[in-house]
Amino acid sequence: MRKTALASALAAALLPPLAAQAGERVQHGSIFPPWQHGENNDAAQRGLSFTVTQVDDLADFHGDVSDPKLVLYVGGNYFFAMAPLVAAFEQQHPEFKGRIYWETLPPGVLEKQIETGGTVTSGNMTWTAKPDAYLAGLKKVQSLIDQGVLTGPAVPYVTNSLTIMVAAGNPGHVKGLSDLARPELHVAMPNPEFEGIARQIEASLKKAGGEALATTVYKTKVAERGTVLTQIHHRQTPLFLMQGRAQAGVTWQSEAIFQEQIGNPITHVDIAPAQNTTAIYAGAEVRTAPHPEAAQLWLAFVRSPAALSIFERYGFKPFTGTTSAG
């Protein structure tokens, strides 16, 4: 049996339980990450290809870890933009071709990995990738500079705003943030413990409905299992929507735009400007960076016209120095 047929057979074998959990909605392998089918992999020699949807799948680890010349820890909010960003960077710096490794996990998770010296375990595999640069929200980056984990100054480059991601057709009839409190509406929300976006979401919920709305969504409904807290919201929220396990989830606007661009059955509901929250994305060199010069090259690149044009494809806006939130 060919590898693709094997992968399809294994995926199909797992679908009935998921379908039952999702209210017998039809499932198919293409809804499971990674959605870019290996395109976000900078390795020149990939060897054996063995990716089995739902079974063996490292969606947020990219490239060859054996001898990289640049290691990036990137908050997962723009995992989809990294492949074109890396390609553009390598055009300017061809000496890095095929030698960049990056991770796109929640900022708090990446912080914990820095604390372990860059060592991480996924499933039965453990490896070490010591980071050169860390990129996340400006406040998180500045905090880690203040703690001595990162070397300043922080380098801000783009901004992003929130949206309500929903399945195509908006089956939950969501019109705004206040609808997330409805008892019958199942929602997927980022975990405040390690996903920085949760802080911005809570701020927006309070703008829309005060402390009561934030408490209902993030405490009452969590206890009642009407809100599921994600571990990697940029992967799980769209997946839960496509599975029918949730009808709505707050994410960054860019993530919904990406899902729509690749043709997944996802759309979004705009949040009123007065209730929305803007984040500033920034980066800094890791104090113990093995390749500090490479880190500085990347930090200069992410605010260059070439990089900003890529970010703008997904709804990001260049940082102008006038946005107050972070």
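Taken together, the values in this text are just the output of simple stated rules run on the coordinates, not laboratory data. Predicted model, so just to flag it, every value in this text is computed and none were measured. Counting neighbours? That spans all protein chains shown, and the Cβs are built from the backbone with ideal geometry, glycine included.
Segment 150-191 and segment 193-222 have Cα centres lying 10 Å from one another.
For the residue pairs LYS112/LYS140; LYS175/LYS219; LYS69/LYS97; LYS112/LYS317; LYS112/LYS219, the alpha carbons lie more than 19 Å apart in LYS175/LYS219; LYS112/LYS317; LYS112/LYS219. Taking a sphere under 12 Å around the Cβ of GLN200 and counting the other residues whose Cβ falls inside, with K and R at +1 and D and E at -1, yields a net charge of +3. With a cut-off of 13 Å on the backbone N, no residue of segment 141-183 is near the modelled label site 7 Å out from THR116 along Cα-Cβ. The packing ranking, built from the mean of other Cβ atoms within 10 Å per residue, places the peptides 281-289, 144-152 in the order 281-289, 144-152, highest first.
When restricted to Cα atoms, segment 252-326 yields an Rg and a Dmax of 15.5, 44 Å, respectively. Look at VAL71, VAL174 and count the other Cβ atoms within 10 Å of each Cβ; fewest to most, that gives VAL174, VAL71. Modelled spin labels at THR278 and LYS317, positioned 7 Å past Cα toward Cβ, are 0.4 nm from each other. Full-extension gain between ASN124 and LEU229, please, as 0.36 nm times their residue separation minus the C-alpha to C-alpha distance. Going from the current span to full extension adds 35.3 nm.
Using the Kirkwood radius over C-alpha pairs as Rh, can you work out the diffusion coefficient of segment 160-269 via Stokes-Einstein at 20 °C, viscosity 1.002 mPa s, in µm² per second? Calculated translational D: 159 µm²/s. In order along segment 172-179, phi translates into HN-Hα couplings of x, 6, 7, 10, x, 4, 4, 5 Hz, rounded to whole numbers, per the Karplus curve 6.51 cos²θ - 1.76 cosθ + 1.60 with θ = phi - 60° and x for Gly and Pro.
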